[in-house]
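These notes concern the structure reproduced below.
The values are calculated or read from the model by the stated rules, or taken from the named source; none is laboratory data. Everything quoted here is computed from the prediction, not taken from an experiment. Cβ placement follows ideal geometry from the backbone for every residue including glycine, while neighbour counts extend to all protein chains displayed. Ligands, DNA and RNA are excluded from the accessible area calculation, which covers all protein heavy atoms including side chains. Shrake-Rupley method; radii C 1.70, N 1.55, O 1.52, S 1.80 Å.
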Amino acid sequence: QVQLEESGGGLVQAGSSLRLSCAAPGRTFSEYGMAWFRQALGKRREYVAAIPQNGGRTYYLSAVKGRFTISRNNADTTVYLQMDNLKPEDTATYYCAADKDRSPYVDDAREYEYWGQGTQVTVSS
């Protein structure tokens with residue numbers, strides 16, 4: 001399918017873990033830079049993590065560094081976001097995004113051409 005599809009969200013207690021998955025079209029997945037963004041209620045969408053097409057370098061929002069890990073499996077055409085030690089401030093809808101032309105500005109949502117519908121992550125205290 002053309003659209004990206006996220007899964008793995010849920011309601012968890014602070015300190016718990018979740019792993020988000022994003023299924024992507026297999027034909028061009030290996031050529032796309034991938035990223036995760038999130039949007040909390042009443043706030044703008046913000047960058048969370050990014051991984052280039054070669055998977056050799058990752059980038060993170062400072063607030064999640066050390067707790068979240070982005071990875072990709074090109075054979076399975078899937079990108080993951082492992083979220084450990086979740087905090088209430090992580091509560092948001094999480095979106096998967098794909099950059100067709102591999103912009104170096106990985107934290108800019110405007111550089112991503114394809115988006116999923118989002119998966120809700122709710123962390124209670």
Can you work out the accessible area per residue across the chain, with the rest of the protein chains kept in place, probe 1.4 Å, in square angstrom? 54 Å²
Counting only protein heavy atoms and a 1.4 Å probe, tell me what percentage of the chain's accessible area is made up of carbon and sulfur. 44 percent
Asn85-Ser71 pseudo-label distance in nm [points 7 Å out on the Cα-to-Cβ vector]: 1.9 nm
With the crude spin-label approximation of a point 7 Å out along Cα→Cβ, what separation in nm comes out for Ser17 versus Ser124? 2.2 nm
Of all stretches in the chain that avoid trypsin sites (Lys or Arg not before Pro) placed in a DSSP loop and having at most 15 other Cβ atoms within 10 Å, the longest is 68-99
